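Below is one structure, written out as structure tokens; comments come after it.
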Amino acid sequence: MKRLPVLPQQCLLLMTCLLMALEAVPIDIDKTKVKAEGHVEGEKVENPDTGLYYDEYLRQVIDVLETDKHFREKLQTADIEEIKSGKLSRELDLVSHHVRTRLDELKRQEVARLRMLIKAKMDSIQDTGIDHQALLKQFEHLNHQNPDTFEPKDLDMLIKAATSDLENYDKTRHEEFKKYEMMKEHERREYLKTLDEEKRKKEESKFEEMKKKHGDHPKVHHPGSKDQLKEVWEEADGLDPNEFDPKTFFKLHDVNNDGFLDEQELEALFTKELEKVYDPKNEEDDMVEMEEERLRMREHVMNEVDINKDRLVTLEEFLRATEKKEFLEPDSWETLDQQQLFTEDELKEFENHISRQEDELRKKAEELQKQKEELQRQHDQLQAQKQELQQVVKQMEQKKLQQGSPPAGPAGELKIQPPGEHKAGDAPQHPAGGDQPLPPGHNQEPAVRTDQVHP
């Protein structure tokens, strides 16, 4: 089905004010050429990943809902509060049967996926008696009490769960980055402990030198300020700085022509500033820190410009921000290297946490080693028993051979051929007049004497 180009804020709000047909701006691209190329109507634009563990399910639900004309029309006229309050979810009862059937199928697939994840997790800790229905309660993006059909409650839960998760995204990201920085410092200090005094001093001196080198960079403009945007206008867009126009700038960087600057389009605006501080060729520059700096800049601009907090910047919001004093006379921007990301107490607590985790892993490793040794002992014991049995069988066969008994076969059976079954050419070797008794009813023919002459 052909995707219509008009699905801006409403569809994004359905994905908790984030997802819609948006396209991230390529870094280091000539924006004048981008404008000339324009956006192809009907072209399917790749959506940015939300980072949610149910991202694919969220996308599939929206793609299916977009195919229903009635729901799409309601979506285009809905505002933020209608979507967040669950009012829009009640429109699900009016969609076509085909759409509801497809949504039912998507939900069953998602429930099956979650159950598989639960089972895999429980199996890893050797748990038994899994109650999937109870464990499904931890997932708040669908109604676990009804695993077979997609109802208005499912859409409402999906919207609210994604909204909450995405609102906490930046906070979670900050915490993860903080842990990353503390781990770097922890590993550095642990390495220093392994060195003698002379080498330790050299390593400390090298660290301070790299830190100083990293901090020696040109001034970084305040994200979203006039100076910062004019720098993009001149160096990235190749336009005359004296002809800077906010409205033209907005349209130029609205790459997919949807009337909004999304988070990816905003982040692309900070590339020139980041290049002043970070170079992948430099040992002292950490690219993980560069991406965190980019996200910090985007978050700051969103907080300043995005009035309705829908994670999109409209032209009206953008122009209103250019009229503020902060746009013309902004405060200086502190980069990550100018900030204290954690305290010594926080680092100490982090190291204690690591130490506790290492102790737990060590105990588990010791338990596994004991289990391995016990299994090896049992294996050796079985091997010894097997060898003893083989020796007993061998001795029994030797004893039978000594007593004149036929040797035993592989399964212990005696190798005796039944009477009357002889191989070809094997005739009974009983000499005439021998001592061997004859079977009952057998009359022996008298031997023919060659010295008797018959007339």
Cα convex hull of segment 267-379: mean projected area in nm², to one decimal? 13.6 nm²
Taking just the C-alpha trace of segment 357-402, give me its Rg and Dmax in Å. 20.0, 68
For a quick check of understanding: with a 1.4 angstrom probe and all protein chains in place, what accessible area in square angstrom does His353 have, to the nearest ten? 80 Å²
Once you've got the Cα coordinates, tell me which of Lys119/Lys160; Lys160/Lys276; Lys179/Lys226; Lys171/Lys324; Lys199/Lys364; Lys160/Lys226 are over 29 Å apart. Lys160/Lys276; Lys179/Lys226; Lys199/Lys364; Lys160/Lys226
Selection of trypsin sites (Lys or Arg not before Pro), segment 187-263, meeting DSSP coil and at most 10 other Cβ within 10 Å: Lys219
Set the Förster radius R0 to 60 Å, insert the Cβ-Cβ distance between Tyr53 and Gln402 as r into 1/(1 + (r/R0)^6), and round the FRET efficiency to 0.05. 0.20
Among the trypsin sites (Lys or Arg not before Pro) within segment 276-359, which fall in a DSSP loop and have no more than 10 other Cβ atoms within 10 Å of their own Cβ? Lys281
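The values are calculated or read from the model by the stated rules, or taken from the named source; none is laboratory data. Model, not experiment: these values are computed from the prediction. Virtual Cβ from ideal backbone geometry, glycine too; neighbours counted across all protein chains shown. The protein model used for the area step is the full one, side chains on, heavy atoms only, and it has no ligands, DNA or RNA in it. Shrake-Rupley method; radii C 1.70, N 1.55, O 1.52, S 1.80 Å.
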